[in-house]
Each structure stands twice: as C-alpha cells, then as structure tokens.
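Undergrad: My questions will all concern the structure given below.
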Amino acid sequence: MSNQEVAFLNVGGSKFTTWVSTLRRFPESRLARMLNGNDHEFRLVNGQFFVDRDGTLFNYILDFLRTLQLSLPTDFSDYQRLQREADFYELHSLADLLSQESLLKPRPEILEVRFLLQETQAFFRVFGSCSNTIEKLLTPLPLERPSHHDLVFQCGTDYSAGDQLVTRYVSIKPDDRKLINGTNVLGLLVDTLLKEGFHLVSTRTVSTEEKVDCYSFERMKRPEALFLTANQSPESTGRAQMKLTPMQKQK
C-alpha cells in the first residue's frame, strides 16, 4: 500500500480511518508490518485490518502517531494498560514515555490570596505554586513581584506626600474593567479562580491585629503534553528523547 492510500482498521469492534503514512510513522512497529501482511495478529476482513485489542485505548495510540504528542485527559488513569498496548504495537517511544507516569499525572496546584482592607485602600498578596497562573489571571496596576511565586498589588485611594490624591486601579482577566474598590476586586478575583477550576479549601485570619484574611484555593493542573524532539526521527531504533510543551486545552 502506498502512503497516499487510506487504511481502515477495526480494533476490538471500534473502527478507525487514517492515512497509511500515519501507520508507517514508526517503520519498525507492528502497525507498519501489518500493512505488508507480515503480522499474524492482524487479519484483513472486508477491507478492514482487524485486531482483537482495546479500541478505546487505540484512540490515544492513533493520536500519538498523528501528532508525535501524547495528550491525555485530566481524569485518565489507565497508564499501565495504555503502556501495555504501546508495547503490543511495538511503539517503544510511546511505551518509554508512559513509563514516566509521574510526568503524566495531574498535579495539585495551590494558590493563596491574602487580603487587607484599610479605610480607602486594599492590599493583596497572591502566592501560587505555578507563577504562570498568576501572570495569566492578573493584570494589576501597579504590580510588584517580591519572588517568583508571589505577587503584590493594591487598589483604592490615598494621599501622597504632596497631599495629592493617588488612585490605584486593578484589572483581572478576562474582565477589562479597572476596579478601585478592594471588596469588588476580591469578589471578582474569587469568581475568576472558581471559573478556572480552583476550589476554595480554607479561609483564615493570618493577622488578628491588621485583620489580614487568607483564602486558599486548589485545583488539579492538567499535565503538559509530551512530544518527540525534532532531532529524534521515528525511524531511530533507540529510545526517543522527549521534552515538554504546553498542552492545548481539551475540548
């Protein structure tokens, strides 16, 4: 079969259609040998290659062949079974990738908001286990970054040394309004975090004298997609080198 032809597969009752070139992405795999009729596990039935394997897991196998990238749902847990399927098809790069289960599982992401209200001013400090999350969600003006994992900002009005009224606004993505009231900023910030998949896990008062309120949030962070580096060709018989890239949002 030429690479420009279309191949039809029946994997445990689930049917798939793809280019022959996709199945030949790894020439040493059993899927590539199947096309030549050199593997007894595969039978050509009514114009379809049939193999008695898990059709649901083959979705991830085929997606990997198409993109050289592994993107799994957040709630995926069948790592060992998927690795077994990769071993069956002799897709060693995918099997090696799946053996790094700690890189693939969703991880908890922690975010803490501290809030202090003093007369006409409000002060915020946001701590996060992932600095990218803070940068994506918040666009406060002015902005300070005491460290890589936290952010400090304030809003409201006060008087400078020259008795001039200074007004500070805050904007929180995706809302483009400039807010000045600290309570409104806190409410919008909490709503935004909840919409982004965070859950409020605790509230407490950090300082009773200054009445600093602390809100702790948590969510399971989606794993980043893993893919083959450009300098590692699929034809290589050695183990492919992997690297991380941000995964596209699941539909």
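Undergrad: Step by step: first the residues of the range 1-60, then only those that are acidic (Asp, Glu) and modelled with pLDDT under 95, then the one that is nearest to residue 71 (Cα to Cα). Which residue is that?
TA: Of the residues in the range 1-60, the ones acidic (Asp, Glu) are 5, 28, 39, 41, 52, 54.
Next cut, modelled with pLDDT under 95 only: 5, 28, 39, 41.
Values: 5: 27, 28: 23, 39: 28, 41: 27 Å.
Ranking the candidates gives 28 first.
Undergrad: Out of 154, 118, 80, which single residue is open to solvent by 20 Å² or more (accessible area, probe 1.4 Å), of a type outside the set (Gly, Ala, Ser) and either modelled with pLDDT of 90 or more or closer than 30 Å to residue 25 by Cβ (or both)?
TA: Values: 154 fails: either modelled with pLDDT of 90 or more or closer than 30 Å to residue 25 by Cβ (or both); 118 fails: either modelled with pLDDT of 90 or more or closer than 30 Å to residue 25 by Cβ (or both).
One residue alone meets the criteria, 80.
Undergrad: From the residues in the range 1-47 that are of a type in the set (Gly, Ala, Ser) and in contact with a Lys or Arg (Cβ under 9 Å, 6 or more places away or on another chain), which one is most open to solvent (accessible area, probe 1.4 Å)? Steps first, please.
TA: From the range 1-47, those of a type in the set (Gly, Ala, Ser) are 2, 7, 12-14, 21, 29, 32, 37, 47; that's our starting set.
Applying the additional criterion that residues be in contact with a Lys or Arg (Cβ under 9 Å, 6 or more places away or on another chain) yields 12, 32.
On the way: 12: 46, 32: 7 Å².
Among residues in the range 1-47 that are of a type in the set (Gly, Ala, Ser) and in contact with a Lys or Arg (Cβ under 9 Å, 6 or more places away or on another chain), the one most open to solvent (accessible area, probe 1.4 Å) is 12.
Undergrad: Just name the residue that is surrounded by the fewest Cβ atoms within 10 Å (Cβ to Cβ) out of those in the range 48-71 that are in contact with an Asp or Glu (Cβ under 9 Å, 6 or more places away or on another chain) and part of a loop (DSSP other than H, G, I, E, B).
TA: The residue in question is 52.
Undergrad: What number of residues within the range 72-102 satisfy the criterion of being in a helix (DSSP H, G or I) and not hydrophobic (A, V, I, L, M, F, W, C)? Steps first, please.
TA: First, pick out the residues of the range 72-102 that are in a helix (DSSP H, G or I): 79-88, 92-98, 101-102.
Filter once more, keeping what is not hydrophobic (A, V, I, L, M, F, W, C): 79-81, 83-85, 87, 92-93, 96, 101-102.
Adding up the residues that qualify gives 12.
Undergrad: Could you please find all residues in the range 88-110 being surrounded by 14 or more Cβ atoms within 10 Å (Cβ to Cβ) and either β-branched (Val, Ile, Thr) or touching a helix residue (DSSP H, G or I) at 6+ places or on another chain (Cβ under 6 Å) (or both)?
TA: 89, 90, 94, 95, 98, 110
The values are calculated or read from the model by the stated rules, or taken from the named source; none is laboratory data. Just so it is clear, the model here is predicted, and its values are computed rather than measured. Virtual Cβ from ideal backbone geometry, glycine too; neighbours counted across all protein chains shown. Areas reflect the complete protein model, heavy atoms only, side chains present, ligands, DNA and RNA absent. Shrake-Rupley method; radii C 1.70, N 1.55, O 1.52, S 1.80 Å.
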